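Below is one structure, written out as structure tokens, with a few remarks after it.
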Ligand code: M6R
């Protein structure tokens, strides 16, 4: 079943060109249409005025990227909450809000209980973005979008994450169109970018030999810091989660602008700092955050795309991801942080597919 791979996580990382292509197939064939989310999606989408995303772990990080797409493309206000926080606090229900749960397994208790709570508060517009057909969350939701990642066995979520991002991008485009914010030429441009996405994912996978060299340098570290801004802050969070989950290296992620508000105190010449720094509108800001790290002797490991300009020096290690992918860039940058965690774990000899203390599907509180 593993074919040429040593671990499910490795196989699942490498399946991402196919998984993203399968998940995008509907929109590429049919264009941006509400029916991708279920037969009464057009009715529901016409009634909603905001979005609330509920999820846990990696799926929550997908939601953090999704919020930015929903607000910038569709102009619709969006909140993202961890299910276990939402369910126990007093929130202000809005019956016109679309409640979106995101889950690979569809069985995560924290997310399921959050959905039940939302419904009890009067939310009727519910959408499940899920990888497992007919699991609890899609069964309890009015609308469904199935990611087509295929079975994900490794405890560390990989292809589920990138396909969730594809689903959220399609949702943002659909709500944008429904709200009159997606001109025909813009739609065509986004669809073309989506067509090219699986190929760009493959290019990112081809960076594996370089990332392996970095991972060898990480394996004897006790701590690592991950930085990103804007669309790439959730990718920093995801990189830190992957690294701690399977290599047991303590990793923290921060939006790079937060450095001097505290975490900079941790930086010395023993601290590897991974920076997600593609050529987006925040690149110059990220570069000045990188200077703050260098000035304290921090070891910078930078994922930059072909359009961001850096010079590699001893203290700045740079790996170039493909040409800047615009709004889809977080999907591309998920790949190298997954590979970094995988190879660091391999080097440490941990049980990559079944890390200690963790279960694939968290069905208890
Ligand atoms: O099945 P779900 O997407 O609902 O699972 C949510 C989290 O438990 C999951 O993403 C977890 O954080 C992963 N082990 C991360 O790699």
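The values are calculated or read from the model by the stated rules, or taken from the named source; none is laboratory data. Computed from a prediction, not measured in an experiment: that's the story for all the values here. So basically every Cβ, Gly included, is an ideal-geometry build from the backbone, and we count neighbours across all protein chains shown.
So is residue 150 in a loop (DSSP other than H, G, I, E, B) and either in contact with a strand residue (DSSP E or B) (Cβ under 7 Å, 6 or more places away or on another chain) or more than 30 Å from residue 342 (Cα to Cα) (or both) or not? Before the answer, list the steps.
On the way: in a loop (DSSP other than H, G, I, E, B): yes; either in contact with a strand residue (DSSP E or B) (Cβ under 7 Å, 6 or more places away or on another chain) or more than 30 Å from residue 342 (Cα to Cα) (or both): no.
No.
For residue 217, only one of the following conditions fails: (1) surrounded by fewer than 23 Cβ atoms within 10 Å (Cβ to Cβ); (2) modelled with pLDDT of 95 or more. What is its number?
Condition not satisfied by residue 217: (2).
Within region 144-166, track down each residue that is closer than 16 Å to residue 100 by Cα, more than 12 Å from the ligand (Cβ to nearest atom) and buried (at least 24 other Cβ atoms within 10 Å of the Cβ).
Result: 145, 165, 166.
Looking at 204, 188, 176, 193, can you tell me which residue is touching a strand residue (DSSP E or B) at 6+ places or on another chain (Cβ under 6 Å) and part of a helix (DSSP H, G or I)?
204
Say whether the condition of being away from the ligand (no atom under 13 Å from the Cβ) and touching a helix residue (DSSP H, G or I) at 6+ places or on another chain (Cβ under 9 Å) is met by at least one residue in region 110-121. Walk me through it before giving the result.
Here is the first cut: in region 110-121, the residues away from the ligand (no atom under 13 Å from the Cβ) are 116-121.
Right, trim to touching a helix residue (DSSP H, G or I) at 6+ places or on another chain (Cβ under 9 Å) and you get 117-118.
Yes, because at least one residue in region 110-121 is away from the ligand (no atom under 13 Å from the Cβ) and touching a helix residue (DSSP H, G or I) at 6+ places or on another chain (Cβ under 9 Å).
Evaluate region 308-321: report whether one residue or more is surrounded by fewer than 23 Cβ atoms within 10 Å (Cβ to Cβ), under 21 Å from residue 158 (Cα atoms), within 22 Å of the chain's Cα centre (by Cα) and touching a residue at least 12 places away in the same chain (Cβ under 8 Å). I'd like the intermediate steps shown before the answer.
Here is the first cut: in region 308-321, the ones surrounded by fewer than 23 Cβ atoms within 10 Å (Cβ to Cβ) are 308-320.
Retained after the next criterion (residues that are under 21 Å from residue 158 (Cα atoms)): 319-320.
Subset that is within 22 Å of the chain's Cα centre (by Cα): 319-320.
If we keep only those that are touching a residue at least 12 places away in the same chain (Cβ under 8 Å) too, we end up with 319-320.
There is at least one residue in region 308-321 that is surrounded by fewer than 23 Cβ atoms within 10 Å (Cβ to Cβ), under 21 Å from residue 158 (Cα atoms), within 22 Å of the chain's Cα centre (by Cα) and touching a residue at least 12 places away in the same chain (Cβ under 8 Å).
Give the residue that is nearest to residue 358 (Cα to Cα), with candidates limited to residues of region 55-77 that are more than 10 Å from the ligand (Cβ to nearest atom) and surrounded by 24 or more Cβ atoms within 10 Å (Cβ to Cβ).
Looking only at region 55-77, we keep the residues that are more than 10 Å from the ligand (Cβ to nearest atom), and these are 63-77.
Narrowing further to those that are surrounded by 24 or more Cβ atoms within 10 Å (Cβ to Cβ): 63, 65-66, 70.
Working: 63: 22, 65: 25, 66: 26, 70: 32 Å.
Per the criteria, the residue is 63.
Under 8 Å between Cβ atoms, which residue pairs at least 6 apart in sequence (or on different chains) link something in region 343-355 that is without any contact (Cβ under 8 Å) to a residue 12 or more places away in the chain with a partner that is in a helix (DSSP H, G or I) and surrounded by fewer than 17 Cβ atoms within 10 Å (Cβ to Cβ)?
Final answer for the pair search is none.
Of all residues in region 245-265 being surrounded by 16 or more Cβ atoms within 10 Å (Cβ to Cβ) and in a helix (DSSP H, G or I), which is nearest to the ligand (Cβ to nearest atom)?
Looking at the filtered set, the residue picked out is 245.
Taking the condition under 24 Å from residue 231 (Cα atoms), more than 16 Å from the ligand (Cβ to nearest atom), in a helix (DSSP H, G or I) and modelled with pLDDT of 95 or more, does residue 28 pass? Before you say what the answer is, go through the steps one by one.
Working: under 24 Å from residue 231 (Cα atoms): yes; more than 16 Å from the ligand (Cβ to nearest atom): yes; in a helix (DSSP H, G or I): yes; modelled with pLDDT of 95 or more: yes.
Yes.
Among the numbered criteria (1) away from the ligand (no atom under 16 Å from the Cβ); (2) outside any helix (DSSP H, G or I); (3) within 23 Å of residue 56 (Cα to Cα), which single criterion is violated by residue 269?
It fails just one condition, (3).
Quick one: would you say residue 272 is under 25 Å from the mean Cα position of the chain (by Cα), closer than 16 Å to residue 233 by Cβ and surrounded by 15 or more Cβ atoms within 10 Å (Cβ to Cβ)?
Numbers: under 25 Å from the mean Cα position of the chain (by Cα): yes; closer than 16 Å to residue 233 by Cβ: no; surrounded by 15 or more Cβ atoms within 10 Å (Cβ to Cβ): yes.
Here the answer is no, as residue 272 does not meet what is asked.
Quick one: would you say residue 92 is within 14 Å of the ligand (Cβ to nearest atom) and either in contact (Cβ under 8 Å) with a residue 60 or more places away in the chain or within 14 Å of residue 51 (Cα to Cα) (or both)?
Details: within 14 Å of the ligand (Cβ to nearest atom): no; either in contact (Cβ under 8 Å) with a residue 60 or more places away in the chain or within 14 Å of residue 51 (Cα to Cα) (or both): yes.
No; evaluated as a whole, the condition is false for this residue.
Tell me yes or no: at least one residue of region 223-235 is within 18 Å of residue 333 (Cα to Cα), part of a helix (DSSP H, G or I) and within 16 Å of the ligand (Cβ to nearest atom).
Taking region 223-235 first, the residues within 18 Å of residue 333 (Cα to Cα) are 224-235.
Still in the running and part of a helix (DSSP H, G or I): 230-235.
Next cut, within 16 Å of the ligand (Cβ to nearest atom) only: 234-235.
The answer is yes, given that some residue of region 223-235 is within 18 Å of residue 333 (Cα to Cα), part of a helix (DSSP H, G or I) and within 16 Å of the ligand (Cβ to nearest atom).
Regarding residue 115, is this residue in contact with a strand residue (DSSP E or B) (Cβ under 8 Å, 6 or more places away or on another chain), more than 27 Å from residue 335 (Cβ to Cβ) and buried (at least 24 other Cβ atoms within 10 Å of the Cβ)?
Values: in contact with a strand residue (DSSP E or B) (Cβ under 8 Å, 6 or more places away or on another chain): yes; more than 27 Å from residue 335 (Cβ to Cβ): yes; buried (at least 24 other Cβ atoms within 10 Å of the Cβ): yes.
The answer is yes for residue 115.
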